[in-house]
Amino acid sequence: MVKKKNIVTIDGPSGAGKSTISKMLAAKLHYTYLDTGAMYRVVGLLVERSGLDLEAENTGKKLKQLLDTLDITLASGEEGQETRAFLNNEDVSDAIRTPEMAMVASRVSAAPEVRKKLTEMQRAMGNKNAIVAEGRDMGTVVFPDAKHKFFLDATPEERARRRHTQFLQNNQQVEFEEILAQIQKRDRDDSSRSLAPLKPAEDAVVIDSSEMNIEEVVSFMLKTVHQNQK
Ligand code: DC
């Protein structure tokens, strides 16, 4: 397999710092940043608004029809801000960034129709641009031929602390314990689903960021990419 030098994948559980780090790394490399979690959140919103119950039987066809109407546009947010997302040209950036929508996104992400559709969209973006792709299955499923793969982890408590700070900064009042419980549930669900579960690719460099700051992680990644590129 010829490895693609212009694709960097960063996978890991929620709150490990993937978004901030991926965005900074993309800027330093002059690559496009691809926030695939935002895509799953947009699909979560679409499914929720449609009233479709994914737990019910035989929803596959309806889900596929719904996905046929899907148009997602992502735009890099301002510095320190998360990706802006548009669903069929409507700005849904705020609507997708709630703790509830994170859980909905995790739920819809287990549906094979959803994974197939988003995997296709993500690969199309990777074919067009040099990218830093952030998610859960970037190195394992979507871009197995990427030359540079990272798996970014941190303890659940540290990740919950970071998420909690983010919510407070956005004036969203959420209890720390609630965030920790949601992170633990999402870890369990995302890692145990049968399709594209959250796990490091065999050839990924695993980084535990619990005791590292953002700059340290980014500079380690940059050094690794430059070394691999030779
Ligand atoms: O990274 P995030 O918190 O925005 O992701 C929201 C959910 O989307 C996450 O719990 C699982 C799902 N997801 C996925 O299954 N595969 C990806 N590549 C990215 C996200």
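Some observations on this one:
- Filtered by the rule that a residue be more than 17 Å from the chain's Cα centre (by Cα), assigned to a loop (DSSP other than H, G, I, E, B) and at negative phi, segment 158-203 gives Asn170, Gln172, Gln173, Val174, Glu175, Ser194, Glu202, Asp203.
- Pairs where the first residue, in segment 94-123, is within 13 Å of Gly37 (Cβ to Cβ) and in a helix (DSSP H, G or I) and the second is more than 9 Å from the ligand (Cβ to nearest atom) and among the charged types (D, E, K, R), C-beta under 6 Å, 6+ apart: Val104/Glu48
- Answer residue from segment 209-220, given it is within 18 Å of the chain's Cα centre (by Cα) and surrounded by 15 or more Cβ atoms within 10 Å (Cβ to Cβ) and is nearest to Lys28 (Cα to Cα) among those: Val218
- Count of segment 145-157 residues which are farther than 18 Å from Val217 by Cα and part of a loop (DSSP other than H, G, I, E, B): 1
- Qualifying residue in segment 50-73 (condition: near the ligand (Cβ under 10 Å from one of its atoms), of a type outside the set (Ser, Thr, Tyr), buried (at least 19 other Cβ atoms within 10 Å of the Cβ) and assigned to a helix (DSSP H, G or I)): no
- Yes/no for Gly12 being within 13 Å of the ligand (Cβ to nearest atom), closer than 25 Å to Leu198 by Cβ and at pLDDT 95 or above: yes
- Screening Leu34, Leu63, Leu29 for residues that are over 28 Å from Gln184 (Cα atoms) and of a type in the set (A, V, I, L, M, F, W, C) leaves exactly one candidate, Leu29.
- Qualifying residue in segment 154-168 (condition: closer than 30 Å to Asn6 by Cβ, away from the ligand (no atom under 13 Å from the Cβ) and buried (at least 18 other Cβ atoms within 10 Å of the Cβ)): yes
The values are calculated or read from the model by the stated rules, or taken from the named source; none is laboratory data. Predicted model, so just to flag it, every value in this text is computed and none were measured. With ideal geometry, Cβ positions are generated from the backbone for all residues, glycine too; neighbour counts draw on all protein chains shown.
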